[in-house]
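Here is the structure we will look at.
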Amino acid sequence: MRTIGIGGAGSKIAVKLDAQSVVVNISEVELSKIPTSGEKIQASLRDGSGVFQGARMDPQIGLEAYGSVSRQLSNLVRGAMVIAATGGGTGNGITAGILKELAGRAEKIAVEEKTVFALVLPYAKMEPDEFVINTSDFLNGPVAAAIDSGNTGNIFMFSNRCKFEKQLAEDKYNQMIVNSLRDFFAIPAKNAQLKLLEEHIDQADFALYLSKPYFNHFTSFNYNPDNDFGKQLSARWNPLLLPPEQAIEALFLLEVPAGNDGTCFYNILKYFNDQDVKPLYSVVENPNLKNPRVSVSLLYSRKPAEEVQDLNRESEEHAQTKVRRTIDQYVELEPLQVNLDNEAAKVKSDGQDDVIAMLKRINKL
Ligand SMILES: Nc1nc2c(ncn2[C@@H]2O[C@H](COP(=O)(O)OP(=O)(O)OP(=O)(O)O)[C@@H](O)[C@H]2O)c(=O)[nH]1
Ligand SMILES: [Mg+2]
């Protein structure tokens, strides 16, 4: 499956997953830093700006730039996986363009031509409000419309929560996202390579599952057949993804050590049947394992509007805590004598371009 990384985060994660990824950016600088043997596509703005700065957190700029590459991308996204963060301007805006194009197609898209999306959402508690607002608009708008049209494949909702809570390095966190995706995408290959004990999930079954226009939450863990499956599952949601809603469809692969007859899969089947879900499943023997291991995926279709409410609630609580903290810590300060012109001149002579750009933005220069 071709991988397409859009914007800064999207490109960095895509090339880790596949060294031949196609990467897309407005900023030539960001694009030049991405090591890929695949195609590099530079989207451009009508007035020629953006080459250095990208979309500067503005999805409208990303959407405008989408126009310059829409033809090329609408072919490339067929049967591919698109990876992008929803907080910034480039990943958000260009991916919005792709989703709108898919939603607007009159014809139904064939299973093998569906596009799968891996989105990286900001952690509302600790990331700037702009990222959260951009994400809300994106989920409420183009994502909702694409799901309603039925013309998108599975959408994986990664979140940066774990990165911030566990204070992980960006590169390490990106690798965790990639490992997690690889684990899920290995399911059909494991079926092909390992001894089958029950049922079979082949490439075609897996492709059909991936082509459904729902959110996909997947996880895997060592399964203890003596304990309740549902309890183990809800304790082992994938911490990199948003937690799922009630499943509409499901898939699981149970791997058991040599000598285990694999009949503990009936417990898992029963768990899903109790929820009126008939999962696609298979049981294989994996001689490298000491304990049974299960990989589970749920497809759910919570309206993006509700996802957004959660994001907003989180950032609102965060804002309130911030205010409270400020009040708690209120101390009287001597008035600071700062001459902005002098400060700006200092910054200029330091060559701190980013700071200058920021001061310009807030009209101090
Ligand atoms: N997991 C992860 N998140 C990242 C990374 N880089 C940026 N982010 C997050 O992605 C969001 C910003 O998206 P970016 O990809 O940097 O922005 P962009 O799409 O390039 O858009 P502009 O830079 O505004 O043109 C924020 O939520 C960041 O925390 C990364 O390498 N890994
Ligand atoms: Mg960027």
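Just so you know, all these numbers are worked out from the coordinates, no wet-lab data involved. Keep in mind the model is a prediction, meaning the values are calculated, not measured. Don't worry about glycine lacking a Cβ; one is built from the backbone with ideal geometry, like all the others, and counts go over all protein chains shown.
Spin-label model, residue 179 to residue 208: label points 7 Å out along the Cα-to-beta-carbon direction sit 3.3 nm apart. The Cα center of region 111-133 and the Cα center of region 184-227 differ in position by 24 Å.
For the set 12/40; 33/100; 195/290; 100/172; 212/278; 114/172, the pairs lying more than 21 angstrom apart at their alpha carbons are 33/100; 100/172; 114/172. Across region 226-234, rounded Karplus estimates of 3J(HN,Hα) from the backbone phi angles (6.51 cos²θ - 1.76 cosθ + 1.60, θ = phi - 60°) give 7, 10, 4, 5, x, 5, 5, 5, 6 Hz, Gly and Pro being marked x.
Normalised by the number of residues in the chain, the mean separation of alpha-carbon contacts (under 8 Å, six or more apart) gives a relative contact order of 14 percent.
Among the GluC sites (Glu not before Pro) found in region 80-162, those both in a DSSP coil and sparsely packed, with 14 or fewer other Cβ atoms within 10 Å of their Cβ, are 107.
Annotation: the antiparallel percentage among DSSP beta bridges lying fully within region 170-288 is about 40. Around the Cα centre of the chain, unit charges on the Cβ atoms of Lys, Arg, Asp and Glu (plus for the first two, minus for the last two) sum to a dipole of about 500 debye. Per residue of the chain, the DSSP helices (runs of n ≥ 4 H) give a summed -39500 (n - 2.57) that works out to -13000 deg cm²/dmol at 222 nm.
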